[in-house]
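Trainee: The structure follows.
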Amino acid sequence: MTDSKKLIDIIQKISTQIQMDKDYLTELDNVIGDGDHGINMARGFKEVEKKLSDFSNKDIGSILKAVGMALVSTVGGASGPLYGTAFMRAGAAIGAKNEMDGNDFLNAMEAAIEGIKMRGKSHEGEKTMLDALIPAYNAMKKSYEENNDFKAAISKGVEAAEKGVEYTKTIIATKGRASYLGERSIGHQDPGATSACLMLKVIQSSL
Amino acid sequence: MTDSKKLIDIIQKISTQIQMDKDYLTELDNVIGDGDHGINMARGFKEVEKKLSDFSNKDIGSILKAVGMALVSTVGGASGPLYGTAFMRAGAAIGAKNEMDGNDFLNAMEAAIEGIKMRGKSHEGEKTMLDALIPAYNAMKKSYEENNDFKAAISKGVEAAEKGVEYTKTIIATKGRASYLGERSIGHQDPGATSACLMLKVIQSSL
Amino acid sequence: MKKLMNCVENVEREMIEGMVKAYPDHVRKLDCGNVVVRAHKKEGKVALISGGGSGHEPAHGGYVGEGMLDCAVAGAVFTSPTPDQIYEGIKAIATDKGVLMVVKNYTGDVMNFEMAAEMAQGDGIDVQYVVTNDDVAVKDSLYTTGRRGVAGTVFVHKIAGAKAETGASLDEVHRVAQKVVDNVRTMGMALTPCTVPAAGKPGFELSEDEMEIGIGIHGEPGTHREKIKSADEIAVMLLDKITADIDYSGKEVAVMINGSGATPLMELFIVNNKVHDYLTEKGIKIYKTFVGNYMTSIEMAGFSISLLRLDSELKELLDAKADTPAFKE
Amino acid sequence: MKKLMNCVENVEREMIEGMVKAYPDHVRKLDCGNVVVRAHKKEGKVALISGGGSGHEPAHGGYVGEGMLDCAVAGAVFTSPTPDQIYEGIKAIATDKGVLMVVKNYTGDVMNFEMAAEMAQGDGIDVQYVVTNDDVAVKDSLYTTGRRGVAGTVFVHKIAGAKAETGASLDEVHRVAQKVVDNVRTMGMALTPCTVPAAGKPGFELSEDEMEIGIGIHGEPGTHREKIKSADEIAVMLLDKITADIDYSGKEVAVMINGSGATPLMELFIVNNKVHDYLTEKGIKIYKTFVGNYMTSIEMAGFSISLLRLDSELKELLDAKADTPAFKE
Ligand SMILES: Nc1ncnc2c1ncn2[C@@H]1O[C@H](COP(=O)(O)OP(=O)(O)O)[C@@H](O)[C@H]1O
Ligand SMILES: Nc1ncnc2c1ncn2[C@@H]1O[C@H](COP(=O)(O)OP(=O)(O)O)[C@@H](O)[C@H]1O
Ligand SMILES: [Mg+2]
Ligand SMILES: [Mg+2]
Ligand SMILES: [Mg+2]
Ligand SMILES: [Mg+2]
């Protein structure tokens, strides 16, 4: 599915996308949070970009871990530890490989989700990034098991993530800053779910 | 020209006029001062109004002194001590009379002007209330000496005061807050000259 | 956005440097980031660390000094600092008595401080923490994030800091800090929004005659919006919620009228005038009052009221000496 | 106008009452008006009185207490208090050592304080006064009103107050106060205007990209308007004017970065970061720095920089104990 070089390219593209959508993500966070999600993510991925050249000779696991570390130490807020942990766990799950296939990706994604749940003490249905990631993972896994076609799987994943983002509009937040709003959080989509969905879309269009 | 009862009526009318022009005077003070002249004067004359009923059995000198005291202790700022001193000096000049004629008025006005000059260490041409009061006094005195007609004299006085107000637009302030502006004070009329002119107009229309 | 600044990316660093240059006898900055520690490390006491996003000045750097914090870590504006920075702070101040972290209850803050604590514990440093959650504007629930930590946090700094200064053990300092958390409640409101420099525009909008009741210190939405009322009515509205949450009757309290950053002191005193009368009428005795900018929200106009229920232990610690840039007792 | 208040007519009184209720150990209010005196009168020292219009909080009531003022008289917002109120204040604090009035150089303030002094002198009270005029934004001239008294006045309160506390004679306290006046210079700027409550709307307007340089503490126009520059550029602009007015080179100075009321502390620290570097580069030694809201202009956003040239006498008095609501040393 992808090698280290391709991965670096995808990470670069994710960063570009995050920088482009910085204001959009911040705007979403303004409504139900504190208006910094885009700013946080953009700051973090700018730092990641700075490190891309160091990655060229590294294996996939090390690259993902380094991305995670960079995010943890520059994003701050809730999304920093969460995305940071996700990337670090994903890297640990894949290990010192230079190529990864669809199964590797799904294993890494599962580990990432577990990391977020652990760090955030959260689960599906709480109006967080998990509401994009978990349905996406489930859809991808099902599709990949049926067809063994990663491109088809990631398309299903993006579809499910988009639905998940829509779904976050309908529920009350019980984790993160938006939870302080109680019922007032209904009607607004979650910024973290949105950024997670953006990343999956970049992966889809990069393959 | 007037007795105590009529004087009380004039003071009442001056107060009404000041309350009506409160915002206008404040607006003028906004431009070259600190935006409170109307507020200060309105506060002071409201206090004067409260005392009007106490005045009914008093002589003219006492009434004017009481007006001055009320202004001194409620107006504050520059205009409080200045108008306060002016009324107190005017009262002292007239003394315990129950009627005043044109000469009494002119004597009182002269004393008032001297009081302002003393208290404000100021003279004509410094863009202050004196630039309305001094020309008005001179014009009234001349007219009254020529025709012995106070109504005619006060008309001349108002005319001169209005010219004086216009004149303040053309000169640099060297006293009061507006003096901090230096040349930037040119083009704007002085709030204190304006309030002085207003008072003379009320006297004119009350006779 | 009208701000005195140079470049959006540098506001936090320049702010911390400007602060350290103002108070060199009190504080110094670590090279690793926007981490402020006491100019002279004091051994033999529990070390206190706090922090959070920038934009709440003088919190938290202004409270570093004798009788209060040993370290404050400043994140980006309104964004929790990162674990590596907090970890550097912990290492710089740790003594053999251990380290107490005072964390405001936000998902991000809690996670980042927890990660830092794990790192420090890995080095053998004894780290405990309290989470402040004094904001009665949001519902407290075990199943959600719980309440926000707001201005009441300053009382934790003051009182736990005084306890630490006595040489008490980490357990003891933790107990006192938790006692303050358990006894302090706060509620705030806003007349105008605030602008995160990197965002460039206000986080929310309020029309000319509107106010937000129950606002958070990051401009998070409160309980509701309504037409502006008089200072007295607003004070009563907030006090009713605070005094309904825990029972203050017959108790002595410390009062904090905290400005949000752009509120003139004149208005805070007008509010205090009513707060004093309200409490006195309810038979709540005011032991001490603090009026000023203690935990701000950049240039928001608004305020919060905090009431800390006191006992003799808390009173003594509240009165103990403090010598920090922003709090002297 | 968005303000926390009840009724325009009462803002000054409610503010003073709210302040006295916050600090009953420090201050009390006279019945005759908005006049604040120390809670416990101290005999055997020169009594210091200051005041002016309200709207500059914590000035001047916040500076009443040990080591600073004995009395502060608050006029209506931005309007000098009246002679009768000042006279009551003088009578309440007068000792056999006499009374020093600290008056900011505004026509109204000077006249009202002079009238009060005349009244008190009539009672046999020994009254002297100094007029502060630190604002370098306006030209100093014998033939006009001279310069405005602004934030530097707080240094006069601090240092003359410390001198009075030593039991020095009225002449001596006057000499020291005048020395501060002679050695302190200030310049300010504004990003946004302020609103006198009774006026209901801002005293001037500034567009979104404009600032006013040299603004007065009542929102009086400054030297000019221009497009907003960076904090560093603004600091340099003000410092250039201040250091051109008197010679600070090779001297030690006290620095005050004074917020106008709505300026976040964050921004004041960013300014101080540059001020510190500028002075250091010029070989001017910073002895002590004060950053905060010392002499405000209601809810104006902006700041001023004050530099006080020090000698050993002034340093010692600056460091002396002060215990007032708004200034503790
Ligand atoms: N406990 C949690 N578990 C999973 N995701 C969370 C949790 N708390 C917050 N998030 C996610 O983080 C996002 C907010 O991130 P961000 O705005 O960067 O941080 P902060 O809320 O600290 O300002 C939310 O939209 C949500 O998706
Ligand atoms: N020294 C002075 N002599 C005469 N009039 C003066 C003097 N100083 C100020 N004034 C008058 O006072 C007016 C301002 O009054 P006001 O706004 O009420 O007081 P302040 O300037 O203290 O705010 C000016 O417009 C001017 O006419
Ligand atoms: Mg956020
Ligand atoms: Mg005026
Ligand atoms: Mg945040
Ligand atoms: Mg005035």
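Trainee: Restricting the search to the stretch A:119-147, which residues are open to solvent by less than 70 Å² (accessible area, probe 1.4 Å), of a type outside the set (A, V, I, L, M) and assigned to a loop (DSSP other than H, G, I, E, B)?
Mentor: Just the residues of the stretch A:119-147 that are open to solvent by less than 70 Å² (accessible area, probe 1.4 Å), to begin with: A:119-120, A:122, A:125-137, A:139-140, A:143-144.
After this cut, where a residue has to be of a type outside the set (A, V, I, L, M) as well, the list is A:119-120, A:122, A:125-128, A:131, A:135, A:137, A:143-144.
Within the stretch A:119-147, A:S122, A:G125, A:E126, A:K127, A:T128 meet the criteria.
Trainee: From C:G161, C:G167, which residue is in the same structural domain as C:V64 (by TED's automatic domain parsing) and either open to solvent by 40 Å² or more (accessible area, probe 1.4 Å) or assigned to a loop (DSSP other than H, G, I, E, B) (or both)?
Mentor: C:G167
Trainee: Now for a different question. Is the stretch D:53-63 home to any residue that is more than 18 Å from the chain's Cα centre (by Cα), away from ligand 2 (no atom under 16 Å from the Cβ) and assigned to a helix (DSSP H, G or I)?
Mentor: Taking every residue of the stretch D:53-63 in turn, none turns out to be more than 18 Å from the chain's Cα centre (by Cα), away from ligand 2 (no atom under 16 Å from the Cβ) and assigned to a helix (DSSP H, G or I).
Trainee: Take C:V73 and tell me if it is of a type in the set (V, I, T), in contact with a Pro (Cβ under 7 Å, 6 or more places away or on another chain) and at negative phi.
Mentor: Taking the combined requirement at face value, the residue satisfies it.
Trainee: Just one of the numbered conditions (1) part of a strand (DSSP E or B); (2) out of contact with any strand residue (DSSP E or B) (no Cβ under 6 Å at 6 or more places or on another chain) is not true of C:K97; which one?
Mentor: (1)
Trainee: Specify which of the listed residues (D:A94, D:A72, D:A22, D:A47) is over 24 Å from B:D29 (Cβ atoms) and surrounded by fewer than 24 Cβ atoms within 10 Å (Cβ to Cβ).
Mentor: D:A94
Trainee: Just to verify a result, which residue in the stretch D:97-124, among those that are open to solvent by less than 30 Å² (accessible area, probe 1.4 Å) and farther than 30 Å from B:E183 by Cα, is nearest to ligand 4 (Cβ to nearest atom)?
Mentor: D:M115
Trainee: Moving on. Where the second residue is within 16 Å of ligand 6 (Cβ to nearest atom) and in a strand (DSSP E or B) and the first is assigned by TED's automatic domain parsing to the domain that holds D:T166 and lies in the stretch D:94-113, which pairs have Cβ atoms under 7 Å and are six or more apart or on separate chains?
Mentor: D:K104/D:G52; D:D109/D:G52; D:D109/D:V103; D:V110/D:V103; D:F113/D:V103
Trainee: Taking D:Y87 as meeting all but one of (1) within 16 Å of ligand 6 (Cβ to nearest atom); (2) assigned to a helix (DSSP H, G or I); (3) buried (at least 24 other Cβ atoms within 10 Å of the Cβ), write down the number of the exception.
Mentor: D:Y87 satisfies every listed condition except (1).
Trainee: Just to verify a result, which residue in the stretch B:9-20, among those that are open to solvent by 30 Å² or more (accessible area, probe 1.4 Å) and more than 14 Å from chain D (Cβ to nearest Cβ), is farthest from ligand 5 (Cβ to nearest atom)?
Mentor: B:D9
Trainee: Output yes when any residue across the stretch D:187-195 is away from every other protein chain (no Cβ under 12 Å), in contact with a Lys or Arg (Cβ under 6 Å, 6 or more places away or on another chain) and either under 30 Å from C:L4 (Cβ atoms) or crowded, with 24+ Cβ neighbours inside 10 Å (or both), and no when none is.
Mentor: yes
Trainee: Within the stretch B:107-115, identify whether any single residue is within 14 Å of chain D (Cβ to nearest Cβ) and open to solvent by 30 Å² or more (accessible area, probe 1.4 Å), and answer yes or no. Write out each step before concluding.
Mentor: Going through the stretch B:107-115, the residues within 14 Å of chain D (Cβ to nearest Cβ) turn out to be B:115.
Still in the list and also open to solvent by 30 Å² or more (accessible area, probe 1.4 Å): none.
No, because not a single residue in the stretch B:107-115 is within 14 Å of chain D (Cβ to nearest Cβ) and open to solvent by 30 Å² or more (accessible area, probe 1.4 Å).
Trainee: Give just the number: which of (1) within 14 Å of chain C (Cβ to nearest Cβ); (2) more than 28 Å from C:K285 (Cα to Cα); (3) of a type outside the set (S, T, N, Q) does D:D84 not satisfy?
Mentor: So the condition that D:D84 fails would be (1).
Trainee: Continuing with the same structure: Any chance you could count how many residues in the stretch B:69-87 are surrounded by fewer than 24 Cβ atoms within 10 Å (Cβ to Cβ) and over 10 Å from D:T82 (Cα atoms)?
Mentor: Number satisfying all stated conditions: 2.
Trainee: Filter the stretch C:274-288 down to residues that are within 11 Å of another protein chain (Cβ to nearest Cβ) and in a helix (DSSP H, G or I) and give me whichever is farthest from C:E233 (Cα to Cα).
Mentor: Of everything passing the filter in the stretch C:274-288, C:T280 is farthest from C:E233 (Cα to Cα).
Trainee: Return the total of residues in the stretch C:179-228 being in a loop (DSSP other than H, G, I, E, B) and among the polar types (S, T, N, Q). Reasoning before the result, please.
Mentor: Residues of the stretch C:179-228 that are in a loop (DSSP other than H, G, I, E, B), as a first pass: C:193-194, C:196-201, C:203-209, C:214-223, C:228.
Next, only the ones that are among the polar types (S, T, N, Q) stay: C:207, C:223.
The total comes to 2.
Trainee: Given (1) in contact (Cβ under 8 Å) with a residue 60 or more places away in the chain; (2) open to solvent by less than 10 Å² (accessible area, probe 1.4 Å); (3) farther than 30 Å from C:H218 by Cα; (4) within 13 Å of another protein chain (Cβ to nearest Cβ), where does D:L314 come up short, assuming only one miss?
Mentor: (4)
Trainee: Moving on. Taking the stretch D:209-246, which residues are surrounded by fewer than 20 Cβ atoms within 10 Å (Cβ to Cβ), within 14 Å of chain B (Cβ to nearest Cβ) and of a type in the set (D, E, K, R)?
Mentor: D:R225
Trainee: Among the candidates C:V73, C:V11, C:V36, single out the residue that is out of contact with any His (no Cβ under 6 Å at 6 or more places or on another chain), modelled with pLDDT of 95 or more and away from chain D (no Cβ under 12 Å).
Mentor: Of the residues listed, the single one that is out of contact with any His (no Cβ under 6 Å at 6 or more places or on another chain), modelled with pLDDT of 95 or more and away from chain D (no Cβ under 12 Å) is C:V73.
Trainee: Pairs only if they're at least six apart or on different chains, beta carbon under 8 angstrom, first in the stretch A:95-119 and polar (S, T, N, Q), second buried (at least 19 other Cβ atoms within 10 Å of the Cβ); list them, first residue then second.
Mentor: Taking only residues 6 or more apart or on different chains, the pairs are A:N98/A:S4; A:N98/A:D59; A:N98/A:I60; A:N103/A:Y144; A:N107/A:A93; A:N107/A:I94.
Trainee: So, one more: Residue pairs, Cβ under 6 Å, 6 or more apart or interchain, first in the stretch A:30-44 and open to solvent by 10 Å² or more (accessible area, probe 1.4 Å), second within 16 Å of ligand 4 (Cβ to nearest atom). List them.
Mentor: Listed pairs, sorted by first residue: none to list.
Trainee: Still on this structure, please answer the following. Go over the candidates B:K51, B:K13, B:K58 one by one and state the one that is modelled with pLDDT of 95 or more and of a type outside the set (V, I, T). Walk me through how you get there before you give the answer.
Mentor: Working: B:K51 fails: modelled with pLDDT of 95 or more; B:K58 fails: modelled with pLDDT of 95 or more.
B:K13 is the lone residue from the list that is modelled with pLDDT of 95 or more and of a type outside the set (V, I, T).
The values are calculated or read from the model by the stated rules, or taken from the named source; none is laboratory data. Here the structure is a predicted model, which means the values were calculated and not measured. FYI the Cβ positions are ideal-geometry reconstructions off the backbone, even for glycines, and counts take in every protein chain you see. Ligands, DNA and RNA are excluded from the accessible area calculation, which covers all protein heavy atoms including side chains. Shrake-Rupley method; radii C 1.70, N 1.55, O 1.52, S 1.80 Å.
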